[in-house]
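The values are calculated or read from the model by the stated rules, or taken from the named source; none is laboratory data. Note that this is a predicted model, so its numbers are computed, not measured. Cβ: placed from backbone, ideal geometry, glycine included. Neighbour counts: every protein chain shown.
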Amino acid sequence: MTDTTQETSTVGPLQIRRILDLLPHRYPFLLIDRVLGYVPRTSLTALKNVTMNEPFFQGHFPENPVMPGVLVLEALAQAGALLISLNLEENDNSLFIFTGIDKARFRRPVVPGDQLILNCWDIRHRRNFFKMTCDARVGDQVVAQAGLAAALVSPDEI
């Protein structure tokens, strides 16, 4: 993985307004609060503040709230979509469709109060298909990791 603490980013931190311009997701399904770092064509690091106010904690689980693993993967997919979007030179209103997960591993639960750091790197593509490697961390501990795949499609194709 690349060292995201270096100041090699040509794009400073992205705040929520820019993220909303790049992703179609909205509350309660937008799972990125900020982009912390971006190295063009190489890597992206994003942040999700996990709070007890998240709607999924009402039922997962009331006495022991845990962020569902599938939502950790979705947060990684959204970070990957941001990485690809920032790499594209023009925005033609295409959408990224999440098409695959390889070797997903969950190392520990994500709970209220955690700051989920989402890293995506090693992007590869052929035509409109993309693959990348991603991990989610809380502090220095990896909580989830996966290879993700996506396709860039026109809204008319959905």
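Can we say Lys103 is basic (Lys, Arg) and touching a Gly at 6+ places or on another chain (Cβ under 6 Å)? Reasoning before the result, please.
Details: basic (Lys, Arg): yes; touching a Gly at 6+ places or on another chain (Cβ under 6 Å): yes.
Against the criterion (basic (Lys, Arg) and touching a Gly at 6+ places or on another chain (Cβ under 6 Å)), Lys103 qualifies.
Does any residue of the stretch 45-62 turn out to be in contact (Cβ under 8 Å) with a residue 12 or more places away in the chain, crowded, with 19+ Cβ neighbours inside 10 Å, touching a Ser or Thr at 6+ places or on another chain (Cβ under 8 Å) and closer than 19 Å to Phe130 by Cα?
The answer is yes; a qualifying residue exists.
Filter the stretch 118-146 for residues that are surrounded by 15 or more Cβ atoms within 10 Å (Cβ to Cβ) and of a type in the set (S, T, N, Q); which is nearest to the chain's Cα centre (by Cα)?
Asn119
Looking at (1) under 14 Å from the mean Cα position of the chain (by Cα); (2) under 21 Å from Thr51 (Cβ atoms); (3) surrounded by 14 or more Cβ atoms within 10 Å (Cβ to Cβ); (4) not basic (Lys, Arg), which one does Gln115 not meet, given that it meets all the others?
(3)
Kindly list, by first and then second residue, each pair from a residue in the stretch 15-31 that is within 16 Å of Leu76 (Cα to Cα) to a residue that is part of a loop (DSSP other than H, G, I, E, B), limited to pairs with Cβ atoms under 6 Å and residues at least 6 apart or on different chains.
Final answer for the pair search is Ile19/Ile32.
For the stretch 37-70, enumerate the residues that are among the polar types (S, T, N, Q), assigned to a strand (DSSP E or B) and closer than 15 Å to Pro112 by Cβ. I'd like the intermediate steps shown before the answer.
Here is the first cut: in the stretch 37-70, the residues among the polar types (S, T, N, Q) are 42-43, 45, 49, 51, 53, 58, 64.
Restricting the remaining residues to those that are assigned to a strand (DSSP E or B) gives 43, 45, 49.
Selection gives Asn49 alone.
Considering only the stretch 9-36, state which residues are part of a strand (DSSP E or B) and at pLDDT below 95. It would help to see each step written out before you state the result.
Restricting attention to the stretch 9-36, the residues satisfying the condition of being part of a strand (DSSP E or B) are 14, 34-36.
Passing the criteria: only Leu14.
Let's see how each residue does on (1) modelled with pLDDT under 95; (2) in a strand (DSSP E or B); (3) more than 21 Å from Arg26 (Cβ to Cβ):
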residue	(1), (2), (3)
Val72	no, no, no
Ala79	no, no, no
Ile84	yes, no, no
Asn91	yes, no, no
Lys103	no, yes, yes
Pro112	no, no, yes
Asn119	no, yes, yes
